[in-house]
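These notes concern the structure reproduced below.
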Amino acid sequence: MRKTLLLLSLLLFLQGIAQTKLSPAQWQEDLRFLQQTVHKDYSFLFVKTTKESFDAAVETLYKQIPNLQEHEIRVGLTRIVSQFRYGHTQIPYSTTAKSGILPINLYQFPNGIFIEGVQKDHKKALGAKVLRIGETSIEKAMELIYPVVPVENPQYFKAYGLRFLASPEVLHAQGVIPTLSKTVTLTLEKDGKVFEYKFNTIDVKDKPKVFNFTMPTENWLTVRNTDKTPLYLKHFKDKLFYFEYLEDKKVLYVRQSSVFDDTNETLKQFYKRLFAFIDTHEIEKLVYDVRLNGGGNNYNNLPLIKGLMARPHINKKGSFYYIIGRETFSACQNLTNEIIRYTNAILVGEPTSENINFYGDARAVTLPNSKINAYLSYIWWQDMPALENADWTAPSIPVTMTFDEYINNKDTVLEAALNFNAEGFKPKPLDYIVELYTTGQTQKLMEELPKMAQDPRYVFCDFEAELNKLGNILLQTGRKEQVQASTQVFSMILQLFPNSALTHKNLGQAYLKLGNIEKAKELFNKTVTLDVDGELGKAAKKLLLEIKN
């Protein structure tokens with residue numbers, strides 16, 4: 001009787017496994033459901049990709065499904081959703097890491113990808129630079145996994161994409177490693193030595209939840225020297241936001257790592273306490289750090305903005321510094337937009353990982369057979385005018401920590417804010433240029449612009465591209481006086497950037513609109529010379545053909 005019961009139990013168990021394994025037809029049905037749902041309810045997401053590209057990718061995966069393993073299908077579905085390139089629109093990472101992840105935390109420093117954190121059994125690999133995964137170079141591996149990540153911009157990939165390198169399912173599905181395995185070999189470099197190291201996978205739940213840095217536990221190690229804790233990592237485990245007064249410098253440092261309320265204090269309460277402190281202490285500089293802030297509820301932002309605007313002694317150029325970084329995302333991008341619009345903050349650090357205007361607030365769309373959740377965004381957040389939209393918010397003072405600076409707790413980002421010379425600095429240089437132009441201060445503009453373009457403090461501003469945008473706004477109006485004004489702008493740009501193919505093409509189009517065919521041809525030919533095989537050169541050739549015809 002006992003043997004019969006055991007046999008029955010085994011049969012039921014095997015039957016349960018068989019029932020959970022989907023047929024190719026069921027996976028294809030899930031894919032069609034996703035495709036139809038997107039077209040029916042989320043067609044507004046076709047901004048960075050087209051319906052045609054989306055449908056083509058769907059058809060390719062549909063045909064491949066009968067020959068794919070389950071994990072390859074899951075990764076394939078993730079690729080489909082990631083085409084929209086909005087970070088909130090995604091299939092969660094855990095869906096592509098079911099068979100486990102490597103017990104490492106990777107971080108991209110200016111000089112490479114390093115193992116920043118690791119399970120303690122793998123201490124030998126801690127702090128090593130990653131050269132290869134299997135037989136694939138780290139550079140190629142990143143290129144191969146890129147389509148799986150819902151990349152808003154390169155900063156998003158740095159912040160949220162590198163973890164996909166730790167998923168053998170993604171590595172195999174994207175061709176980084178030849179077979180799916182629970183053991184993956186990495187080629188590492190440490191202390192001048194190159195060596196191979198094998199990692200066995202762990203459950204994704206066994207990796208502690210951190211920002212991009214590892215907080216040490218009894219099972220996990222960080223490469224950072226833990227004898228000291230820099231301000232941006234203080235109270236990392238127990239507080240989402242805090243402030244500290246650096247009395248000797250008369251600086252108030254604030255770190256806000258979420259736009260959600262903390263369990264012990266709401267943001268409204270925190271802001272009230274913060275401003276009470278500001279009002280009762282001698283503060284010459286406020287440094288507000290959101291480099292580790294991945295978002296939350298942007299309706300919590302208003303008290304901070306109102307409080308800053310009500311305190312002109314703090315809200316002025318040179319007294320207020322705002323630190324952003326690769327994890328500044330979602331509702332914290334909204335906060336950053338508001339900081340730019342309503343305060344005189346100088347931005348420091350790295351660009352954000354979010355578009356300035358973006359789709360957020362995703363709904364879960366559950367696929368009928370696999371029960372996989374695809375999260376699709378449905379709210380467009382437009383804090384800034386459409387013409388000011390961009391892939392990210394760039395800092396006025398660009399600073400990125402090196403590996404050595406990180407492990408030795410040298411916060412060069414904070415140091416840059418504390419030591420910056422703001423005298424004569426224009427946090428919004430394009431606004432200043434436009435003001436000089438529109439108020440007829442031509443002589444001053446011609447003096448100021450070359451100096452600003454060469455000033456290292458404005459390295460964050462792509463004057464060539466931004467000024468061309470301004471010229472194009474005038475050009476696209478179609479009115480003669482505006483088109484004539486655009487020729488002045490483009491001619492001014494060429495004085496600064498005489499080899500700019502973009503400006504030559506734009507100026508040529510302006511003269512074409514004004515009926516000066518010979519001048520337009522001259523400029524288009526120059527564009528071709530400057531950009532022989534590029535897109536601008538091709539566009540100029542097309543315009544020349546149209547003139548001839």
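Here are a few things to note about the model shown:
- Here's the picture: charge each Lys and Arg Cβ at +1 and each Asp and Glu Cβ at -1 in segment 462-548, and of His504, Leu530, Gly478 the one pushed furthest to the positive end of that dipole is Gly478.
- Semi-axis lengths, Å, segment 462-548, gyration tensor of Cα atoms, sqrt of 5 times eigenvalues: 18, 16, 10
- Using only Cα coordinates, the Kirkwood hydrodynamic radius of segment 448-504 works out to 11.8 Å.
- Förster-model FRET efficiency, 35 Å R0, His313 and Asn225, C-beta, rounded to 0.05: 0.40
- Of the residues Lys51, Lys519, the one with the fewest other Cβ atoms within 10 Å heads the list, and the complete ranking is Lys51, Lys519.
- Net charge dipole size for segment 425-522 [Lys, Arg +1 and Asp, Glu -1 on Cβ; Debye, nearest 20]: 220 debye
- FRET efficiency for Lys193 and Phe260, using Cβ-Cβ distance with R0 set to 45 Å, rounded to 0.05: 0.55
- Part-to-part distance (alpha-carbon centres) for segment 45-93 and segment 306-378, which is given in Å: 27 Å
- Among residues other than Arg363 with Cβ under 14 Å from its Cβ, the summed charge is -1 (Lys and Arg +1, Asp and Glu -1).
- Rounded to the nearest 10 degrees, the inclination of helix 70-82 to the longest alpha-carbon principal axis of the chain is 20 degrees.
- Fully extending the segment from Ser43 to Lys63 would add 4.9 nm, taking 0.36 nm per residue of separation and subtracting the current Cα-Cα distance.
- Kirkwood hydrodynamic radius (C-alpha pairs) into Stokes-Einstein, segment 184-242, 37 °C and 0.692 mPa s, D in µm²/s: 230 µm²/s
- Relative exposure of Ser319, Ser396, Ser137, judged by other C-beta atoms within 10 Å (fewest first): Ser137, Ser319, Ser396
- Cα-based reach from Lys207 at 20 Å (exclusive), listing aspartates and glutamates while leaving out same-chain residues under 8 positions away: Glu116, Asp121, Glu169, Glu218, Asp238, Glu327
- At full extension, His281 and Arg341 could sit 18.9 nm farther apart than now, given 0.36 nm per residue minus the alpha carbon distance.
- Principal-axis analysis of the Cα atoms of the chain puts helix 463-476 at an angle of about 70° to the longest axis.
- Here Thr136, Thr179, Thr503 are placed in order of increasing Cβ neighbour count within 10 Å, fewest first, which gives Thr179, Thr136, Thr503.
- Fully extended contour minus Cα-Cα distance, from Ser181 to Thr477, at 0.36 nm per residue: 100.7 nm
- Spin-label model distance (nm) - Lys541 vs Lys239, 7 Å beyond Cα toward Cβ: 6.2 nm
- Computed [θ] at 222 nm, deg cm²/dmol, the chain (DSSP H ≥ 4; -39,500 (n - 2.57); rounded to nearest 500): -12500 deg cm²/dmol
- Estimated FRET transfer efficiency (Ala56, Trp380; beta-carbon r; R0 25 Å; 0.05): 0.50
- Lysines with Cα under 25 Å of Lys140, excluding same-chain neighbours fewer than 8 positions away: Lys48, Lys98, Lys124, Lys129, Lys158, Lys182, Lys190, Lys193, Lys198
- Here, segment 396-549 has an Rg and a Dmax of 19.5, 66 Å when only alpha carbons are counted.
We did not get these values from a lab; they are worked out from the coordinates using the rules stated. As the structure is a computational prediction, the values presented were derived from the model and not from experiment. Please note: Cβ atoms are built from the backbone with ideal geometry, for glycine as well, and neighbour counts cover all protein chains shown.
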